[in-house]
Amino acid sequence: MIRDRIRQFREATVAPRDEDFALARQWLEGPLLELFEAQHPRDIVHAANTARWLLTRGYDNRDLIQAALLHDIGKGHQRRFDRVVYVLADSIGLSGFLANPDSRFELRRAVSRSRTHSASGAELLRQAGAPERVIELTARHHEPPRGDGVLALLQQADAAS
């Protein structure tokens, strides 16, 4: 896990490529494509890599790939520092104490967005008219899969990307 976090930190400054947007255009359209394109650049790269991980392994379920491209839309724009603080605070059980969506401090608002990004992302998808399964996969992508093989695949791809 630490190795994955170090990789994520190192890759956080990689800019999206034309191929990332081309991949999204193959699987998303209209409001869903707009949500993808509105993500922070690091989330665009991560989302495209998550979808590619699945596709290169032969998984091409439309709902799964759309969820891979959109699962982190609820995070909003955050500084790298905010994300590092969230990961550290969450690892020791303090992210709930630090999070405050109404704080005057951006750090506390960002931690709050990170804590609730699955639910807020699902709501954004609902408003955009996404398929119910894409909404469900996004809402649950940090929960135990409980026998849901598609959710387990999304989680594997998310962790690997």
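The values are calculated or read from the model by the stated rules, or taken from the named source; none is laboratory data. Note that this is a predicted model, so its numbers are computed, not measured. Because the Cβ atoms are built from the backbone with ideal geometry, glycine has one as well, and the counts that use them run over all protein chains shown. With ligands, DNA and RNA removed, areas are computed over all heavy atoms of the protein, side chains included. Shrake-Rupley method; radii C 1.70, N 1.55, O 1.52, S 1.80 Å.
Couple of notes before you dig in:
- The numbered conditions (1) modelled with pLDDT of 95 or more; (2) on the phi < 0 side of the Ramachandran plot; (3) open to solvent by 70 Å² or more (accessible area, probe 1.4 Å) are all true for Ile135 except (3).
- Hey, Val45 within 22 Å of Gln155 (Cβ to Cβ), assigned to a helix (DSSP H, G or I) and modelled with pLDDT under 95 or not: no
- Criterion (open to solvent by 40 Å² or more (accessible area, probe 1.4 Å), within 22 Å of Val150 (Cα to Cα) and outside any helix (DSSP H, G or I)) met by exactly one of Asp102, Asp60: Asp60
- Residues that are of a type in the set (Lys, Arg) and either surrounded by 11 or more Cβ atoms within 10 Å (Cβ to Cβ) or closer than 13 Å to Gly74 by Cα (or both) within segment 138-149 comprise just one, Arg140.
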